[in-house]
Amino acid sequence: MKKIVTIFIILLIISIYTFFLSYWAGSYLMLEPDWQERIVLTPDSVKDPRDIYFFDKWVFAFQTYPVRTITFLLSASAVVGFCIFFVRKFIRKRKSNQEI
């Protein structure tokens with residue numbers, strides 16, 4: 001059990017760290033001279049680069065640094081999977097204790 005908790009904590013730290021790295025890389029979209037041509041979901045009527053949607057920054061980060069973004073997606077998926085596993089295990093244990 002101790003190994004699983006250690007793996008969970010390491011994956012959580014990796015996912016948080018790579019999230020901030022990806023967000024940081026995506027924030028450079030507003031510094032690009034052709035930022036209006038690179039946006040996907042932000043309306044074309046937006047004139048200020050500070051109003052770019054988060055998703056557009058994410059797509060830019062994925063295009064620029066795909067390893068960071070893929071690492072975040074994989075580690076975040078693993079963290080969510082661990083959480084679901086432990087919640088289901090807790091619920092099953094609680095149900096079995098109530099039936100006795």
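The values are calculated or read from the model by the stated rules, or taken from the named source; none is laboratory data. Since this is a predicted model, take the numbers as computed values, not measurements. Cβ placement follows ideal geometry from the backbone for every residue including glycine, while neighbour counts extend to all protein chains displayed. The area values use the complete protein model at the heavy-atom level, side chains included, leaving out ligands, DNA and RNA. Shrake-Rupley method; radii C 1.70, N 1.55, O 1.52, S 1.80 Å.
Normalised by the empirical 2.2 N^0.38 Å for globular proteins, what value does the Cα Rg of the chain take?
1.54
Each part reduced to its alpha carbon centroid, segment 84-100 and segment 10-34 end up 37 Å apart.
Leaving out ligands, DNA and RNA, and with a 1.4 Å probe, what % of the accessible surface on the chain is carbon or sulfur?
Answer for the chain: carbon and sulfur cover 68 percent of the accessible area.
Evaluated with a Cβ-only charge set (Lys, Arg +1; Asp, Glu -1), the chain carries a dipole of roughly 1140 debye about its Cα centre, given to the nearest 20.
Among complete DSSP H helices in the chain, those whose alpha-carbon atoms stretch at least 18 Å along the helix's long axis and whose mean Kyte-Doolittle hydropathy reaches 0.0 are 2-26, 66-99.
The residues of segment 1-99 expose on average 76 square angstrom of accessible surface per residue, using a 1.4 Å probe on protein heavy atoms.
Which lysines, if any, have their Cα less than 19 Å from the Cα of Lys57, not counting same-chain residues under 8 positions apart? The reachable lysines, counting only those whose Cα sits under 19 Å from Lys57, are Lys47.
Of all lysines in the structure, the ones whose alpha carbon falls short of 26 Å from that of Lys89, not counting any fewer than 8 places away in one chain, are Lys2, Lys3.
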